[in-house]
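The values are calculated or read from the model by the stated rules, or taken from the named source; none is laboratory data. This structure is a prediction, so every number in the text was calculated from the model and none was measured. Note that each Cβ is placed from the backbone with ideal geometry, even for glycine, and that neighbours are counted across all protein chains shown. When the accessible area is computed, the model is the full protein with side chains, heavy atoms only, and any ligands, DNA or RNA have been set aside. Shrake-Rupley method; radii C 1.70, N 1.55, O 1.52, S 1.80 Å.
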Amino acid sequence: MKKNNSASRISIQDLFYDILIRIFLKLNVVEISVASMVCKSWNEICRNPLLWAKLDLSRLSSNAFNIPLLPDAWRGDLVSKCKLITCLKYALRLSNYNTSCLVFNFFIYLQDAELIFIAKRTPNLKRLVLPFTGKLSNNAVDIAMKSWDSLESITITAMVKTSCIFSAISKYCMTIYELKFTNYFGINDADLVVQYTPNLKLLSVRNIMVNLRALCNILNSLEKLEVVNICHGFIWDRVEGAVKAYTVRDLRNHLSLPCLRKLMFCNRRRCLRCINGNDPVRIPFGVFEDIWREDEISSLAH
Ligand SMILES: [Zn+2]
């Protein structure tokens, strides 16, 4: 009888643990940090690797610092920045190097010190999503990417030079197979992709300007490429000094059938932008954040 009671007690404890894990998975990094200070058992739950697989700094809420809601946030607000770093120091100790996906906050102005600080504490990173604004030196990017030598996927934004990222990729991250560009995709970008990410399988250049020759280059050169998302991309090239735009139908004259089959484009207004584009909640930065956050290639969305 005693044995039965004991077994039942253990299963209730296990159930309690599982329920709390499910609840904590809904919390952001600040809330998990606070929850870990409640008691020993909550602290243990807050160290569960499941909670730290994805560190999403775009989801923040706190009374301790101003939550960034505009681009360039905290550029001059050192108090908020220091408070977040203090919080992250504690949180990343709880994570115990179990973070495999890191999403920076879209609005925070990212600089060298923060990038290096987080990179040193997330050495097992597989997916990186850069923020919208910031200023990074080549040296800082190099140090960070050296820490992230098992990186497989990056969302690249305008806040860092493509040449700078690819210089580091060529040295440390030969396992990249997913890329997303959120600003522009030109001839130089395509050359870097072809040269330094030969194992690329998925590429998203949705909702941005895409040079026709750049698109042809990657489709013709990368043998392992499976999908290129060009939903609402502005395909263009300079012809006799003038800008010429191309529709998806025009691409038939420039690409072979196997290459065309790899293209993902808006079909009958069923893409995410057509479905979500008029959501007033997203204004005024909805367009940029939509490009950054959403993607028809599910592994590149966050
Ligand atoms: Zn569409």
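Here are some notes:
- Checking Phe166, Phe185, Phe132 one by one, the residue that is among the aromatic types (Phe, Trp, Tyr) and touching a strand residue (DSSP E or B) at 6+ places or on another chain (Cβ under 7 Å) is Phe185 and no other.
- Meets criteria (within 16 Å of the ligand (Cβ to nearest atom) and in contact with a helix residue (DSSP H, G or I) (Cβ under 9 Å, 6 or more places away or on another chain)) for Asn188: no
- Inclusion of Ala140 among residues that are among the small types (Gly, Ala, Ser) and open to solvent by less than 30 Å² (accessible area, probe 1.4 Å) is warranted.
- Candidates Phe104, Phe24, filtered to the one that is modelled with pLDDT of 80 or more and in contact with a strand residue (DSSP E or B) (Cβ under 8 Å, 6 or more places away or on another chain): Phe104
- Selection status of Tyr177, more than 16 Å from the ligand (Cβ to nearest atom), in contact with an Asp or Glu (Cβ under 7 Å, 6 or more places away or on another chain), under 23 Å from Val129 (Cα atoms) and of a type outside the set (Gly, Ala, Ser): yes
- Subset of segment 247-280 [more than 14 Å from the ligand (Cβ to nearest atom) and touching an Asp or Glu at 6+ places or on another chain (Cβ under 7 Å)]: Lys262
- Among (1) away from the ligand (no atom under 16 Å from the Cβ); (2) acidic (Asp, Glu); (3) within 25 Å of Glu178 (Cβ to Cβ); (4) at pLDDT 90 or above, the one test that Glu296 misses: (1)
- The sole residue among Arg59, Arg22, Arg47 that is of a type in the set (Lys, Arg) and under 22 Å from Leu130 (Cβ atoms) is Arg59.
- Subset tally (residues that are open to solvent by 70 Å² or more (accessible area, probe 1.4 Å) and within 25 Å of Ile156 (Cα to Cα)) for segment 90-106: 1
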